[in-house]
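The values are calculated or read from the model by the stated rules, or taken from the named source; none is laboratory data. In this text the structure is predicted, and so the values were computed from the model without any measurement. All Cβ positions, glycine included, derive from the backbone under ideal geometry; neighbour counts span all protein chains shown. Heavy atoms of the whole protein, side chains included, go into the accessibility calculation; ligands, DNA and RNA do not. Shrake-Rupley method; radii C 1.70, N 1.55, O 1.52, S 1.80 Å.
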Amino acid sequence: ARTDVIPGGLKKPTDFMKVKHVFIGGNAATGSAHLSARIPLDVLGVNYSQIVGYRGGSRIFLAMEQGEIQYTGTSIGTFRRRSGAYVKAGKAMGLFYLVPVAADGSYKRNKYITEMPAFPDYYKEVYGKMPSGPKWDALNWFVTLIGTVNYVGLAPPGTPKAAVADLRKGYELASKDPDFAKAWIKRNGVPPEFVGHEEGERVFASLANTDPRILATFKDLVEKGKRNVRVVKKQPRKKKK
């Protein structure tokens, strides 16, 4: 978020909760990237208006710099690289990062992200308790999905079992390769997290048994995203010479 989103500026992430109304920006109103940035505000009870339709992250960041929007979501790698100088200049601040919370209330903080708290910690600092309620359940379900199978390798039906086994082994070994990990950290700021096929298959299977109340709430939140929204004019593509 821009630090000038409140009078006197943000001094710490939870100061953001003093905002009366905020303009948030993204690519598509119902796209996963924008939903993962917008729905936390629904859980927190923040009043906002949306401006969507930006063509890519660089356009969104430009809108942030120009003051057209005051809040958006991005990866930690992009936050540190594209927004790094802007943040160091005190013009913007990271508020929180998302983590899935297990049924017993446990969650794993990312030790490589020190600029901002995990969302459950942020919520607890604001309200003195763990987040709860239908909107939180929908957000946590969504975060668990995108945090587990956001990038997934799939083989077509009928692929020889030996080939599938080799692919799985190859992905796993690559994720543990020191040179690969070093390059990944340099680019994204955090080491790669490999999710094995057992966990991936468990998440896929769980979709068929998702609590209907969670799905209903999530659908309602998605539909809400189609309202209270302003779309920027299409930016013309640069003509190729």
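For the reader, a short list of remarks on this structure follows.
- With K and R counted +1 and D and E -1, the other residues having a Cβ less than 13 Å from that of Lys12 yield a net charge of -2.
- Computed helical MRE - 222 nm, the chain, DSSP H runs ≥ 4 contributing -39500 (n - 2.57), nearest 500: -13500 deg cm²/dmol
- Residue-span extension gain [Leu167 to Glu193] - 0.36 nm each, minus C-alpha spacing: 7.7 nm
- Relative protection proxy for 10-17, 21-28, from highest mean packing down: 21-28, 10-17 (other beta-carbon atoms within 10 angstrom).
- Centre-to-centre separation between the Cα atoms of segment 92-141 and those of segment 157-195: 27 Å.
- Surface share of carbon and sulfur [accessible, 1.4 angstrom probe, percent] for the chain: 55
- Answer label, with percent of Cα pairs over 34 Å apart calculated from the coordinates and candidates (1) 29; (2) 22; (3) 8: (2)
- Out-of-range pairs (alpha-carbon distance over 18 Å; input Lys91/Lys224; Lys18/Lys124; Lys11/Lys88; Lys11/Lys108; Lys88/Lys111; Lys111/Lys186): Lys91/Lys224; Lys11/Lys108; Lys88/Lys111
- Qualifying aspartates and glutamates (Cα of each under 20 Å from Cα of Lys176; at least 8 residues distant if same chain): Asp166, Glu193, Glu198, Glu199
- Positive-end extreme of charge dipole, segment 53-168 - chosen from Gly128, Leu95, Ala162 (charges on Cβ): Ala162
- Summed over the residues of the chain and divided among them, the accessible surface reaches 62 Å² per residue at a probe radius of 1.4 Å.
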